[in-house]
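Structure record follows, encoded as structure tokens.
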Amino acid sequence: VLQPQDLGLLASVGIDSVEVRTALRVAILNTGDEVVPPGQPLLPGQLHDSNSFALRGLLQKLGVQVVSVGIVADSLQETAEALRQAASTADCIISTGGVSVGDEDHVRAAVEALGRLALWKLAIKPGKPFSFGEVCGKPFFGLPGNPVAVFVTFSLLVRPALLRLMGAATVQHPQFPVTLGFAVDSPGSRQEYLRVRLTHREGGATVLEAFTDQGSSLMSSLSWADGLAVIPPHTTFEQGEAVMFLPFTGLY
């Protein structure tokens, strides 16, 4: 994506036009009978749609055109129709929710009816029920329903893929080692991405501090954090050891 400084540089050397790619069109659809738009009162068991707003912001930062399909009811027929509509109007599709194995999770069946799933489930936390495939010939990314898992899987998996489709030479977000201000003593079988922020200790040391609750439904943890600490599977860390840190700077 051409930045303001790039435009200034081109103008400074007398270039008045350059060849660019057409902006990528990305469709977003959110699934679930329990999901309602912000501004509407919540009935028991309902929750406000936060995923589509977070995704729209992340996508706009990349310079893509966002096509909103809206909230899709828990119905195989409606899910398939929404995916078909998305494929007809966009270059690729992102859905949230509906990719697990519950009775009302219809995204997987709808995708397989209209195309194929090449991948389903990853050994990461949060974000295990991530899927990838194609719908009517268009790339499809199926994100989990929990807001933090949506943010993490988009940042780690979808964003690099979209950048590649846009012709970017560099698609991976930079990571660098930072000292832990806490211990990780509960190793799991999945690679974990902990919400953390940089804290300056007495004496000038910079360490990572973890959010107290790492539940994947807590959007407040993302607003609090500076980035993600990468914890490999089956690994423990003592306080004072270094882990790889993926900063949010540049993602949005």
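What follows draws every value from the coordinates through simple rules; no lab data is involved. Because the structure is a prediction, the values reported are computed rather than measured. Counting neighbours? That spans all protein chains shown, and the Cβs are built from the backbone with ideal geometry, glycine included.
Please figure out what share of the DSSP beta bridges in region 20-165 is antiparallel and state it in percent, rounded to the nearest 5.
On the way: 10 of 28 bridges.
Around 35 percent of the beta bridges assigned by DSSP in region 20-165 are antiparallel ones.
In the calculated pair distance distribution of the chain, what percentage of Cα-Cα distances lie above 33 Å?
Of all Cα-Cα distances in the chain, 27 percent exceed 33 Å.
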Where does region 124-252 land on the Kirkwood hydrodynamic radius, alpha-carbon pairs, in angstrom? 15.7
If the viscosity is 1.306 mPa s and the temperature 10 °C, what Stokes-Einstein diffusion coefficient in µm²/s follows for region 1-67 when Rh is the Kirkwood radius over Cα pairs? 105
State the extension gain, in nm to one decimal, for the chain segment bounded by residue 65 and residue 48, taking 0.36 nm per residue of separation less the distance between their alpha-carbons. 3.8 nm
Taking every DSSP beta bridge with both residues inside the chain, roughly what % is antiparallel (nearest 5)? 55
7 Å from Cα along Cα→Cβ at both residue 198 and residue 13: what's the point-to-point distance in nm? 3.2
Given a Förster distance of 45 Å, report the FRET efficiency between residue 212 and residue 119 from their Cβ-Cβ distance, rounded to the nearest 0.05. 0.85
Cβ crowding within 10 Å averaged over residues, with 70-77, 142-149, 212-219 ranked highest first: 142-149, 70-77, 212-219
Sum -39500 (n - 2.57) across every DSSP H segment of at least 4 residues in the chain, then divide by the residue count to get the 222 nm mean residue ellipticity, nearest 500. -7000 deg cm²/dmol
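Taking a quarter of the surface of the Cα convex hull of region 20-165, what do you get in nm²?
In nm², the orientation-averaged hull projection of region 20-165 is 8.5.
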Using a 10 angstrom cutoff on alpha carbons, build the Gaussian network for the chain and name the most mobile of 223, 17, 52. 17
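Take every Cα-Cα pair in region 176-247 and report what % of them are more than 14 Å apart.
Values: 1441 of 2556 pairs.
Of the Cα pairs, 56 percent sit more than 14 Å apart.
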Can you tell me which aspartates and glutamates have their Cα less than 19 Å from the Cα of residue 61? Leave out same-chain residues fewer than eight positions away. 6, 91, 226
